[in-house]
């Protein structure tokens, strides 16, 4: 009986040692497997600053044109700065395919000066168009990484834009026989009220869109943590004149532009 008990204990001890060895081996293989995961597959964050443009173009040249520096133009281009944050989420451990989600804060502006005058009379009107918007982009991107640390990552996606501010600041100066009078003010593109001096549109007109939906396509490239991005963005109309509620024909102000950014991945 004692021999049977002793043999049983020895068998349990041997089995335990073997299990420990197997467990240790599996743990080591798991660590080695995780260590072999390519760095370009890992999730990442990116912060970047950039220069951007936003071109507004009318769909009906006969109905409306922008007055820029004394000329009637079919389009106007705002220029500005943007701040970006993106989170890259790996969609598969086999390929460097990512879903990018983040935020883009953009401020863009355009200054225009219009002058006129004659004998003993002159006038000058200066306008500055300002647009501040917050976008939420959602991209799909594929990252090609080379052995020397350089990479290319084309992307395509959609975004949701909230226009936080859109206004026209103006200054007017008139000189008549040596006497000068000045006025200034600010008008919002989101207001339409004939009794409101801050409204850009009349009471019976549509206003500009606070919410827009659009898309983007572009390319990120860089070296290790450094990232340089170039993208083209387009949106649903910033302004749409609806003939159902207004006496004039429909027309739209379309918007779209490019952005060049420099940032870091971490």
query: Can you list, largest first and rounded to whole Å, the semi-axes you get for the range 126-266 by taking the square root of 5 times each eigenvalue of its Cα gyration tensor?
result: 41, 22, 11
message: Neighbour counts of other C-beta atoms within 10 Å: give me 161, 72, 128 arranged from fewest to most.
response: 72, 128, 161
task: State the three equivalent ellipsoid semi-axes of the range 105-170, derived from the C-alpha gyration tensor as the square roots of 5 times its eigenvalues, in descending order and whole Å.
output: 46, 17, 8
- request: Return the distance in nm (one decimal) between the two label points of a simple spin-label model at residue 210 and residue 160, each offset 7 Å from Cα along Cα→Cβ.
  value: 1.5 nm
- prompt: Taking Cα centroids, how far is the range 80-132 from the range 151-211 in Å?
  reply: 14 Å
statement: So the FRET efficiency between residue 67 and residue 138, C-beta based with R0 = 35 Å and rounded to 0.05, is 0.40
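Bear in mind these aren't lab numbers, they're just calculated from the coordinates by the rules spelled out. Note that this is a predicted model, so its numbers are computed, not measured. No Cβ is skipped: glycine too gets one built from the backbone with ideal geometry, and neighbour counts run over all protein chains shown.
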